[in-house]
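These notes are about the structure you will find just below.
The values are calculated or read from the model by the stated rules, or taken from the named source; none is laboratory data. Computed from a predicted structure; not experimentally measured. Ideal geometry is used to build each Cβ from the backbone, glycine not excepted, and the neighbour counts take in all protein chains shown.
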Amino acid sequence: MSPGSSKYAYLSVISFSLALYFFIAISVSALGSSSALVKPGAFLVSRFNLASLYIPLLLMYCGFLTKANRLPKKTIILLWISPIPFLTSAIFLHIVFNNTTMLAPRVLVTAFGRFPAILLFLLLLAIEIAGIAGLSRYLEGSDHSLFTGKVLNRIVNGVISFFNSETSGSTVSSNGEQGKQVNEIFSPAFPEQPFEYHGPPLQEAPEKLAFPGSPMAEPGISDFISRVLNSKSELSADCTDSIEDSPDEYEDIPEELEPRGSEPIGPKPVPAFRHSEEQYHVPVEGLLDVYPEPRIIAIDETIRKAANVLEQTLKEFRIDAKVTGICKGPVITMFELLPSPGVKLSSIVNLQDNIALRLAASRVRIIAPIPGKHAVGIEVPNKKRSIVSFSSIVESEEFRQSNAEIPVILGKDISGGNKIIDLTRTPHLLIAGATGSGKSVCVNSLIASVLYSRGPRDVKLLMVDPKIVELKLYNGIPHLLTPVIIDTKRAIQALQWCLYEMERRYSLLDSQGVRDIKSLNIRIRERELATDSMPYILVIVDEFADLMATSGKDLEAIVARLAAMSRAVGIHLVLATQRPSVDVITGLIKANFPSRIAFMVAGKTDSRIIIDTMGAEKLLGRGDMLFTSAWDPFPSRMQGAFLAENEIEKMADYVKSLGEPDYIDHEMFIDDEDEHLLQREGDGDDPVYEKAVEIVVSSRKTSASYLQRRLKLGYNRAARLIEEMERRGIVGPANGSKPRELIHVP
C-alpha cells in the first residue's frame, strides 16, 4: 500500500458522504420541504434549480478518483471546464420554470422574451456540451496522466540543476567521466531505448560534489541524491511506461497548478447599484386577473360609414372638410378632420351636439386643432368598450424596461398604447373626478404600480384615508411608514412630519454637496456612506376635500410648502378628491401641482378648476380621463387601467408576506398626553426638559432629530424643546441647514 493510500481512502469517504447528503437535501428541497437539515439544499435549489444536482455528482466522481488513487490529466481538465455548462443549465432551468427573482434570468427574459431566451440557452448548452465532448476526444491521444515520468524527471533535474549552480564548475568536472554519466542520467529527455548503467560506482558522488557550506553538504539532500543514483532498477525501467506502472510515492509530489494570492492589489471597484427588487418580486400569475385583450384592429366598415356620416353632417352646415385619418382605441375612436381653407374652427366646435346626434353617440369631444397636426380631432365613443387590464400593462416590455425612478401605470391612450409615467417627474399629482368616475381605481392602480416595481427599501408610503374603507387593504405592507391614517388630526401631524423630514434631507444634501436625492444616493453608493440608499416617500391622500373642510388654511400652507420644496429630496404628493371646487383645489395648490388627472365631472367649471380647460365634462366615466403633465400641459385622453378589489386584496396579502412594516408612529404622532404637556407653559413644565438640556450640553448636538432618538419623543415635541432652549438662550437661532450653536451652558 502506498503512503498516501490511507489519506485518499479518508478523502473518498468524505466525498461519498457529502455527495449522499447533498443529493438527499436537494431532492427533499425540490419537493417543497423546509426542514433545517436541508437548508443547504434549499439554498442550492433556489440559486441553481435542478442543475444543483451537479454538486453531489461532482463530489461522487471525486470520491471515485481518490479511491482509485489516480489523477488523470484529461479528467482534471474536464472538471475545470464543467462549471461552464453547469451555470448555463442553471440559468436555463430558471427561465424554463419562469423563476425571474434572480438578476440574470430577469435581464435575459426582459431583453429577449421568455421563449427566445429558452432557445438561446438551449443552443448555448448544446454548443458547450459538444465542445467538451470534442475536447475529450482530442485528449484521447495525449498523455492522460498528470504526474508522468517526464514530469518527475523535470522536477528532479531542476533540483540537481539548482544544486549544481551553487557549486563550482571545477568541482563538477574533476571527474569528467563521472560528471558525464550524471548529466546523461538527468537529461531532460529520456532515451528512446531503456539502458543499463555500467560505469564506475556512484555512491561517493554526492560527497565529492559537496563542499563545506554548500547545500549539497546537508545530510538530507545527500541521502536523497544517493537514493536516486542507487535506484538502478528505476533508472533501467522502460521510460514509455504509463503512470499505472510508476511507484506510488510519485503521487505525493505536489504541483502548484495555480498561483495563490494572484488577486489584484488595490481598492476594489464599487459594485453597481441594484434595486432591492433582486430580492423583492411580486408575481402577476395567481394575483391579477386576465381579461380579454382589446381588439384594436384595422378600420372596419362600420367606422368607415361613421366617417362618411361625419363629412355629410358638416356639409349640411356648409362646412367643407375631409376625414384624413382614423385612430381607434379601446374606448374612443378619433377622426382626424382637415377643413378647407377659410373654415373657422369655432364653427366646427359649435356643432358638437349635431355631430353626436348624427353619429348616435352619447358624447362627442372636439379638439380644435390637434397639437402638432393640421387637423381637427373628433372623439367618438366606441359602440363596445374594452377593458384595459392592469395585468396586461404590468407584464408589458414598457413597464419592465422602464428607467423611471417610480414608474406608474395610468392606462392606454386613444391609439391603444400603454401610458406609463415617472412619478418623480410629475413631481406631484392631483386626481379629481365625480363619484363613480374611476378616481379610486386610479389611486389603487398607482399604488399597485409602486408595489410591483419598487421594494420597501426604495419607496416608503404614507397613506391618508379619511373615508376609512378605501385604502384599508394595504395595512401591513412593508412599504408603509405608519398604518393607514384615518384621523384628520393625525393626518395633519403626518404632513408636518414630512416638512421636518424634508428639512432633514436638505441638510444631508447640503452636507454632501449634491442637489437632489438621486445624486445623494449615487454619492452614498460610491463612498459607502450607508448600507441602504435614501428611499423616496410617497404621500397619498385619498379624500383631500375632507381634510380641507376641517383644517383649511393650515393644511393648505403645509401642502403648498411641501409641494414647492420636497421634490429635490424625494417626497412626492398624490392628492385625490371627488369635489373639485375652488375651496378645495385652491390657486396656491394648483400652482404647485402641474400634473393633474381629471375624470368625468358635472360641468365646464369643474373641468377648468382641475385642468384649466374644458373637456372633462365630455368624458364617459369608468376610467375615462384627461391627463396634463409638467412636460406636456395639453390634456391627453386615455382609459385608466382596471384593478378589481379581489386583485388588490390578493396582491396586498402577497406583499405582506414578503416582510413586516417598520412603523415610525412614535416619531410622527403626538398623543393626547404629549399634546397636553406641550400646551403647558412656564419653567420646568415639560418633565423631560431638564433631561433634554443635559443631553444637548453633554453631546453638543442641538438638533431636534437627535433629541427625538435619544428621548424617544415625537418630532414635534423634540422641536419644541429645542425652541424652548432657544428662548432661554441656551442654543442659538436656526441657521439654515447648519446645526444650531450652543451659546450658553446652564
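The table below lists the values:
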item: Segment 425-481, subset of a type in the set (Ser, Thr, Tyr) and out of contact with any Lys or Arg (no Cβ under 8 Å at 6 or more places or on another chain), residue nearest to residue 410 (Cα to Cα); result: 445
item: Hits in segment 689-733 - residues which are under 13 Å from residue 504 (Cβ atoms) and either touching a residue at least 40 places away in the same chain (Cβ under 8 Å) or not in a helix (DSSP H, G or I) (or both); result: 703, 704, 705, 708, 715, 719
item: Exclusive hit being crowded, with 20+ Cβ neighbours inside 10 Å, at pLDDT below 95 and within 30 Å of residue 285 (Cα to Cα), set 658, 643; result: 643
item: Which numbered condition residue 468 fails, given (1) under 25 Å from residue 643 (Cβ atoms); (2) touching a helix residue (DSSP H, G or I) at 6+ places or on another chain (Cβ under 7 Å); result: (2)
item: All positions within segment 382-406 that are among the polar types (S, T, N, Q) and within 28 Å of residue 534 (Cα to Cα); result: 401, 402, 403
item: Residue 413 of a type in the set (Asp, Glu) and closer than 26 Å to residue 658 by Cβ; result: no
item: Helices (runs of 4 or more DSSP H) lying entirely in segment 73-143 (those with 2 or more residues that are out of contact with any helix residue (DSSP H, G or I) (no Cβ under 9 Å at 6 or more places or on another chain) and modelled with pLDDT of 70 or more); result: 114-140
item: Qualifying position, being over 23 Å from the mean Cα position of the chain (by Cα), at negative phi and surrounded by 20 or more Cβ atoms within 10 Å (Cβ to Cβ), among 393, 406, 431; result: 431
item: Residue count for segment 709-736, restricted to those that are at pLDDT below 80 and surrounded by 14 or more Cβ atoms within 10 Å (Cβ to Cβ); result: 5
item: Residue in segment 342-363 that is touching a residue at least 60 places away in the same chain (Cβ under 8 Å) and within 40 Å of the chain's Cα centre (by Cα) present; result: no
item: Residues of segment 422-469 satisfying the condition of being touching a residue at least 24 places away in the same chain (Cβ under 8 Å), of a type in the set (A, V, I, L, M) and over 23 Å from residue 560 (Cβ atoms); result: 434, 441, 447, 448, 450, 451, 459
